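The values are calculated or read from the model by the stated rules, or taken from the named source; none is laboratory data. Keep in mind that what you see is a predicted model, and the values were worked out from it rather than measured. Counting neighbours? That spans all protein chains shown, and the Cβs are built from the backbone with ideal geometry, glycine included.
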Amino acid sequence: MHHIDESVSHQTVIPAMTVQPSDSRPPAPSSPDIAQVRLKGMRGKRGVVGDSLHWLGVRLGIAYNGSFYYPSEDRSILECSIFPHYQLSREHQRIVFVGTAWYTHGYTRMFSRKTYTTMDPNPANAAYGAEQHIVDVVGNLERHTAPGSVDVIFLNGVVGWGLNTRDEAETAFAACYRCLRKGGHFLIGWNDLPEHRPFRIEEVESLGKFQRLVFPPLATSEYLIDNEWRHTFSFFCK
């Protein structure tokens with residue numbers, strides 16, 4: 001765990017990203033429908049019996065106040081390197097986490113000392129959210145949260161997995177910007193693969209309002225996990 005120096009009041013920022021045309025750019029994104037097909041494939045890996053036992057275990061675990069986590073490299077970085085920074089930070093008390101599932105249920109316990117709010121448009125996923133849970137799309141965040149009132153917004157695993165068009169992203173990123181306080185942090189976790197990248201986040205105009213943030217524990221503003229998912233964490237501040 002990294003030591004957080006609360007005495008440092010300034011943030012390290014660099015100018016917001018710009019699009020640089022290049023012949024070596026990644027191939028154009030494929031249809032967002034491919035992401036849904038792959039997701040169904042992931043869910044079916046256990047087989048009918050395995051899936052049934054899995055969900056039975058999840059329901060029993062939640063009923064007895066258990067916590068569940070997904071064993072992946074990107075989740076390890078999120079939970080062991082990124083979350084501790086905010087758990088220990090006195091400057092970041094009001095947190096919004098977008099996108100809930102069985103493997104995010106334990107995050108409520110991890111942020112039990114914070115004002116922690118979760119958000120997901122699927123009513124069925126409310127069971128995995130915080131006590132303060134919003135059933136709505138992130139583009140409507142302002143309907144539930146006052147402008148300039150949030151310290152941190154996590155948008156991890158949402159691009160290409162629900163936030164599937166550039167227009168939706170324009171609305172969502174703009175809403176996040178308005179709800180964050182000045183200096184608030186905005187984290188986007190996304191898969192750098194054509195089938196899971198229905199648009200390039202750097203081409204979303206509303207993201208240009210943010211500044212890039214060099215995240216202290218990782219010493220970078222963008223952290224790529226170079227595995228089959230190519231999950232990337234991009235850090236911004238208002």
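Which condition from (1) part of a helix (DSSP H, G or I); (2) buried (at least 19 other Cβ atoms within 10 Å of the Cβ); (3) of a type in the set (Ser, Thr, Tyr) is the one that THR145 breaks?
(1)
From the list PHE173, PHE233, exactly one residue is in contact with a Lys or Arg (Cβ under 9 Å, 6 or more places away or on another chain) and of a type in the set (Phe, Trp, Tyr). Which is it?
PHE173
What pairs can you find where one residue is in segment 168-184 and closer than 9 Å to VAL138 by Cα, the other is polar (S, T, N, Q) and part of a helix (DSSP H, G or I), and their Cβ atoms are less than 6 Å apart, with a gap of 6+ or different chains?
PHE173/SER206
Can you confirm whether PHE186 is farther than 17 Å from SER149 by Cβ and not acidic (Asp, Glu)?
So PHE186 does not fit the description; no.
Is there a residue in segment 95-105 that is within 22 Å of SER234 (Cα to Cα), in contact with a strand residue (DSSP E or B) (Cβ under 8 Å, 6 or more places away or on another chain) and surrounded by fewer than 16 Cβ atoms within 10 Å (Cβ to Cβ)? Working first, answer last.
Quick first cut of segment 95-105, residues within 22 Å of SER234 (Cα to Cα) only: 95-101, 103-104.
Checking the rest, the ones that are also in contact with a strand residue (DSSP E or B) (Cβ under 8 Å, 6 or more places away or on another chain) come to 95-100, 104.
Narrowing the set further to residues that are surrounded by fewer than 16 Cβ atoms within 10 Å (Cβ to Cβ) leaves none.
No, every residue in segment 95-105 fails to be within 22 Å of SER234 (Cα to Cα), in contact with a strand residue (DSSP E or B) (Cβ under 8 Å, 6 or more places away or on another chain) and surrounded by fewer than 16 Cβ atoms within 10 Å (Cβ to Cβ).
Which of the following residues is aromatic (Phe, Trp, Tyr), part of a strand (DSSP E or B) and either at pLDDT below 95 or within 20 Å of GLY99 (Cα to Cα) (or both): PHE173, PHE186, PHE199?
Result: PHE186 is the single residue among PHE173, PHE186, PHE199 that is aromatic (Phe, Trp, Tyr), part of a strand (DSSP E or B) and either at pLDDT below 95 or within 20 Å of GLY99 (Cα to Cα) (or both).
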